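The values are calculated or read from the model by the stated rules, or taken from the named source; none is laboratory data. It should be emphasised that the depicted structure is a prediction, and the values quoted were computed from it without experimental measurement. Using ideal geometry, Cβ is built from the backbone for each residue, glycine included, and neighbour counts are taken over all protein chains shown. When the accessible area is computed, the model is the full protein with side chains, heavy atoms only, and any ligands, DNA or RNA have been set aside. Shrake-Rupley method; radii C 1.70, N 1.55, O 1.52, S 1.80 Å.
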Amino acid sequence: MDLSLTIGGPQGGGIDTSSNMINRAFAEAGYNVFGVREYHSNIKGRHSYNHLRVKEERPRSLKYPVDILVALDPDTIFEHIEDIGEGTKIIYDKSFETSDLAQARLIMRDTAKRIKETLDSASLPNNIKGALELAKKKGGIPMSIPFGEVVTTAISEGPASRYFNTLGSAITLSIAGLEQKFAEAAIKQVFSSKPKAVEDNVKVVAAAYNYALENGMAGEKLKVLPKKKRLLITGNDGSTMGKLMGGLRFQTYYPITPASDESTLMEEHENLQYIQAEKNKLKEGGVVVVQTEDEISAVTMAQGAALTGSRSSTATSGPGFSLMAEGISFAGMDEVPLVITVYQRGGPSTGLPTRNGQSDLLYAMFAGHGEFPRMVISSGDVEECVYDAMSALNYAHRYQLPVIHLIDKNLANTTDFVPDIDLKKVKVNQAVRPTSTRLSFKRYNLDTENGISEMGYFGNDVFWMTGDEHDEIGHVTEDPVVRDRQMRKRFRKLETALNEIPLEDMVQLLGDKKAEITFVTWGSQKGPILDVIEDLKKEGINANLLYLKMFEPFPSDFVKEVLGKAKMVINVESNMLAQAARILKLNTGIDIEHNILKYNGRHMTEDEILEAAKEIIKGEGKKLVEVLENGA
Amino acid sequence: MAHNFKSDIAVDWCPGCGDFGILTSITQALSELNLDPKDVISTSGIGCSGKTPHYLNIAGVHTLHGRSIPFATGIKLSNPHLKVIVPGGDGDMLGIGAGHFVAEGRRNSGLTIMIFDNEVYGLTKGQAAPTMALGEKTKSLARANVFTKVNPITLALTAGYSFVARGFSFDMKQLKEIIKTAILHEGSSVIDILQPCPTYNNINTMEWYRERVYKLEDDKSWDPIIAPGNEAQAEEKFRKAYEKGNEWGDRIPTGIFYDNRTIPSFHKRLNEFVPNYYTNPPATQIVTGSDGYTPVDVEATFSEKIIH
C-alpha cells in the first residue's frame, strides 16, 4: 500500500475538511497519512490543494504522479495536468466538462497561459475536455461523476455543492478500498460538535459508496490494520506543543502567514493541563499570548517578559523577522533569553507569502547589527518541531542569548501522524530565583569561565540594562578594557554551548557510514531524502545523509570528518544560493560541488530528488546544479 | 526610612536642562509612595531622556529608540505586580515609537509613561521633534520646521489612555503629585512634561513656559476623575479633556486632564481567561515537574489532536 493523492478546489471550499476526513478514515483502518497543504495568498476562490500519501508505515515524503486526483472545481484539473501519470484516476464533477480555460479567471494568468500552451502543443481544445484528453494521453483515467445528482439522492434540501468535498473524499476512499464504516467514523470526528452535519455527511458518504460500487469504481477491499492512538499534528502544532511543554509562558506575535497559526493555537490552549503526578503539586497556570502592533513590538515585548524570569518567545516569518533585527541585536548585547521561531516562506520581500522556502538561513545567521552570539537551529519533521522548540527555550535560558528556530513553510503545513510525544525526551530547567533582593547585582559579571553570568530577575534584583556597552551591573561604559572583556565573555558562551550540547542535536549522519554518495540537507527535505536513499539502494547505489540541525554554533569537526571521507557529496536545499552549503564552507572550508535546489515555492518530492540525484551521479560531476520544478 | 531612589551615577545632562526637574520629581514621587525599589522598574528609549533609568536606583532598561513601551509592557504583563515607569523623549514616543504609543492606549497595561517634551532631538544636536510647531526655527535648525506638530494630550486621549496629564519640569511639586497619582492608576497613564532644552531650543525656554502655564486644578470645579459607578460621565469628561488639550499658545494648561478608573487594565482583561493569572503569573510559574521534565500533559491539553 503506497497511495498518493491530491485533492484540490477553491480556497474556502472545504479542502482541509476533505483532507481531515481522508486522514481520519485511514487512521481508523490503522494506516498512516502524510500530507502538505498548498494555498494562495487569498481567502476565497483561488486554487488550493492537499497532497497526501498513505502507507502502512509512516510516510515521510510525497511523490508524483499521484494515484488519485480529486477535482472539486475545473481549475484543479487544469492546474494539476502535470501531476497525472499512468493510472492516475481523476475524480471530477460531470458539470466541469463544459468548462473552458478562459472561464477559469482565478487561475494565475501566467499559469493559464502555460496550460494553454501545453494544450495547444498537443492540438487539444482549451477546455476541460481537452485537458482530460491530455490526461488520457498520459495514462490518466478520467472518472466523470454527477456530483449534484449523487448528493441529491442523499440530501434533498439546500445546495448540493456544500457536500461536494465529502463526496469527493468518500469516492476516493471507496476507490482505495477502504470500508464505508471507516469513512463514517471519520465524519463523526470531523463534524464532532455538529450532530446535523454528521447525519447529513454520513448520508452523502453512503451515497458516494453506493455510486462507486454501482459504477465499478470501488477498489479491492483494503486490509485493516490494528488501530493505534496517534496525534494528527502539523509543524505549527508541534512547535506550539513543544513551547508549552518547554515552559514557555509568554508569547508575542503579529499576524503573518504561516507563523500565526502557532500563536492562535496557543491562545486556544492557554489553559494548561498538568500530568497526574504534578496536578496536586503545581498551581494551575496559563500562557499569556499577546498580539502586538508590529513585529518590533513582538520582539521587544517578549524580551521584557524574559527579564522577569518568564520563558518567552515570538514567532514570525521573513518580513516580520526583518523588522525584528534591531531587537535581536539588543538581545545579543544584553544577553536576554529569547526564542524567535522563524517560519520560512518564499522571499525576498513579500515573495511567495504562502509558499515554501529556505532562503532565510543566511539572514538568521547575520540579522542584527554588530557582533553578538546567537544560536540558530532548524527542524526537519513534525516531531523535531516539538523537541527543538523545547531545546530552543533551554538554550536561550542556559546561554542567555537569542535562539532562532527555523521551520520551513512546508513543514509548518505538513500533517503527520505522530505515535507518541515523549514527555521525558527533553528536560526543562526551572529558573532559580534568589530568595532575597540583590541590589546592584552583577548581572554581567565578568568573572566567569564559561561566559555565562548569573541571571538576574526583575522583581527580585536591582541592576541595569542598556544597548550601550556596559559594566558588570549594566551601566553604560565606553571604557576600552571593559568593552573587550564583555565582548569576549559574550562570545565564550558559544564555545560552551558547542561543548555541552550533544552532537546528535547539532548534526546527524543517517544511513550507512560508508556510503558512496553523501547527501547534505536541512529542514523538510530530510524525509524525502531518506526515501530517496532507499530508492537508490534498490538500484544498487549506497547513499547516506549528513543532516544539519544547528548552524550556530556549527559542529565543524564532525562535518569535516564526514565530508572528508565522502566520495560524492550532493547538497539539497529549497533556495537558490545553497545557503546551508555556504555556512558549511564558512565553517569548514569545504566546497560542496553538487547541488539540488528548488525555489519555486513548492515542496520537494521524492521522485524529483531521485531523478536529479541520478542525473548527478550518472553525469559524474558534469552537471553541478539541478533545479527542481515540480508542483502546482 | 524610605529609599531615596537616586543612583550614584554622575548625571551628564546639560546645565539648566529640564530633565533634572523631572528626575527629582520621579525620585520624590517613588519615595513618598514608599515603594520597595525591587518592585519598580523603569524602561526608557534613546536620547537624553533614555539615560534616566541609570540615574534611578531601581532596576532599569535603557532600550532601543522608540521601543520602551513594548519592553515595559512585556515586564508588566509577565509580572503584573511590578510598577513600570517609562521615561521617554518626544521623538521616542511620538516619532519613532508612535505606533507603540497608540497601541498601548488600546492595551492599557498599567504603565506610567512620561514624555520628556522639549520639541527637539537633543542628543543628535537639535533636530525638530514631533512636538515642534510648523514654522518654528530654533537656533539648531538650518531652516524653519516644515512639519506640523502632534498634540500629545489629544493623541493620548484618542488612543484610549485612561489617564492623561501634563506637567512642567520647573514645577516639581505639581509634577511629583501627578506622577504619584499616575503610578497608582491601574491602567496606563501618559504625562506630557514640558521642559526646556537650553542647548538647542532657544524658543521654548523656561521663561517662555513660565509665562504661559496655569494649573487646571486651580479651577475648583475641574474634576477629571471618572470613578466606578460614574461611567456615564466618561463622554462629557473626555470631551472637556479634549477641549483643554487643544489649548496652546498664550495659556497652556497643566495638571490632570483625564482620569478614567473604569476602563479595565490589560492585566485585568488577561485575568479573565488566563488561569490564576494574578497569583501565578508567567514570571513566577513553576515550569518543570519534580522529576525535572515537563509537567504539561500535552495530550490532555491538545486532546482534539488525538486520533483514537
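Quick notes
- Accessible area (Å², per residue) of region B:19-271, counting only protein heavy atoms and a probe of 1.4 Å: 35 Å²
- Accessible area buried, both sides summed, chains A and B with 1.4 Å probe, Å²: 6400 Å²
- Zero-based 5 Å bins, Cα pair distances in region A:504-627, whole percents: 2, 11, 24, 27, 22, 11, 3, 0
- Alpha-carbon centroids, region A:275-311 and region A:593-632: separation in whole Å: 43 Å
- Across A:Lys567/A:Lys614; A:Lys243/A:Lys409; A:Lys44/A:Lys203; A:Lys223/A:Lys526; A:Lys424/B:Lys305, pairs whose alpha-carbon gap is larger than 22 Å: A:Lys44/A:Lys203; A:Lys223/A:Lys526
- Once you divide the Cα radius of gyration of region A:350-398 by 2.2 N^0.38 Å, the number left is 1.38.
- A crude spin-label estimate for the pair B:Glu186 and A:Asn42, with each label 7 Å from Cα along the Cβ direction, gives 4.9 nm.
- Rough spin-label spacing in nm, given labels placed 7 Å along Cα→Cβ, for A:Val482 and B:Glu247: 4.7 nm
- Using the alpha-carbon positions of the protein assembly as shown, Rg (one decimal) and Dmax (whole number) come out as 31.4, 96 Å.
- Rounded to 10°, Cα long-axis angle of helix A:579-588 versus longest principal axis of chain A: 40 degrees
- The A:Ser192 and A:Asp294 beta-carbon pair, evaluated with R₀ = 45 Å, returns a calculated FRET efficiency of approximately 0.75.
- Here the accessible area of chain B is 55 percent carbon and sulfur, with a 1.4 angstrom probe and all protein chains present.
- Percent of alpha-carbon pairs separated by more than 27 Å within region A:233-418: 19 percent
- Computed 3J(HN,Hα) for region A:393-403, one whole-Hz value per residue from the Karplus formula 6.51 cos²θ - 1.76 cosθ + 1.60 where θ = phi - 60°, is 5, 4, 4, 4, 6, 5, 9, 6, 7, x, 10, glycine and proline marked x.
- What the Cβ-Cβ distance of A:Ile141 and B:Ser303 gives, at R0 = 30 Å and to the nearest 0.05, is a FRET efficiency of 0.15.
- Taking other residues whose beta carbon is less than 14 angstrom from the beta carbon of B:Asn4, and scoring Lys, Arg as +1 and Asp, Glu as -1, yields -1.
- Over 26 Å between alpha carbons, listed pairs A:Lys425/B:Lys38; B:Lys38/B:Lys268; B:Lys125/B:Lys176: A:Lys425/B:Lys38; B:Lys125/B:Lys176
- Positive dipole terminus of chain B, leading residue within B:Ile226, B:Gly289, B:Asn201 (C-beta point charges): B:Asn201
- Applying both filters, DSSP loop and at most 16 other Cβ atoms within 10 Å, to the trypsin sites (Lys or Arg not before Pro) of region B:42-132 gives B:Lys125.
- 3J(HN,Hα) couplings calculated from phi for region A:191-202 with the Karplus curve 6.51 cos²θ - 1.76 cosθ + 1.60 (θ = phi - 60°) are, in sequence order, 9, 3, 8, 10, x, 5, 5, 4, 4, 5, 5, 4 Hz; Gly and Pro show x.
- Region A:318-359 versus region B:184-216: alpha-carbon centroid distance in Å: 40 Å
- Based on protein heavy atoms only, region A:233-418 ends up with 22 Å² per residue of surface accessible to a 1.4 Å probe.
- Size of charge dipole - chain A - debye, nearest 20, with Cβ of Lys, Arg +1 and Asp, Glu -1, no other charges: 900 debye
- Among B:Cys14, B:Cys197, B:Cys48, residue whose mean-square fluctuation peaks in a GNM of chain B (springs only between Cα atoms under 10 Å): B:Cys14
- Solvent exposure of region A:2-214 as accessible area per residue, Å², 1.4 Å probe: 40 Å²
- Distance between the pseudo-spin-label points of A:Lys94 and B:Thr279 (7 Å out from Cα toward the beta carbon): 6.7 nm.
- Principal axis extents of the C-alpha atoms in region A:158-206 (largest first, rounded to whole Å): 28, 21, 13.
- Scalar couplings 3J(HN,Hα) for region B:61-72, obtained by applying the Karplus form with A = 6.51, B = -1.76, C = 1.60 to θ = phi - 60°, are 10, 9, 8, 8, 4, x, 10, 5, 5, x, 4, 4 Hz; x denotes Gly and Pro.
- Comparing B:Gly122, B:Gly89, B:Gly229 in a Gaussian network model of chain B (Cα springs below 10 Å), the most mobile by mean-square fluctuation is B:Gly229.
- Per-atom-type breakdown for region A:504-627 gives carbon and sulfur 49% of the accessible area (1.4 Å probe, protein chains only).
- Globularity ratio of region A:2-214, using Cα Rg and 2.2 N^0.38 Å: 0.98
- Span from the region A:421-498 Cα centroid across to the region B:268-308 one, whole angstrom: 27 Å
- Contact order normalised by residue count of chain B, Cα under 8 Å, 6+ apart, percent: 17 percent
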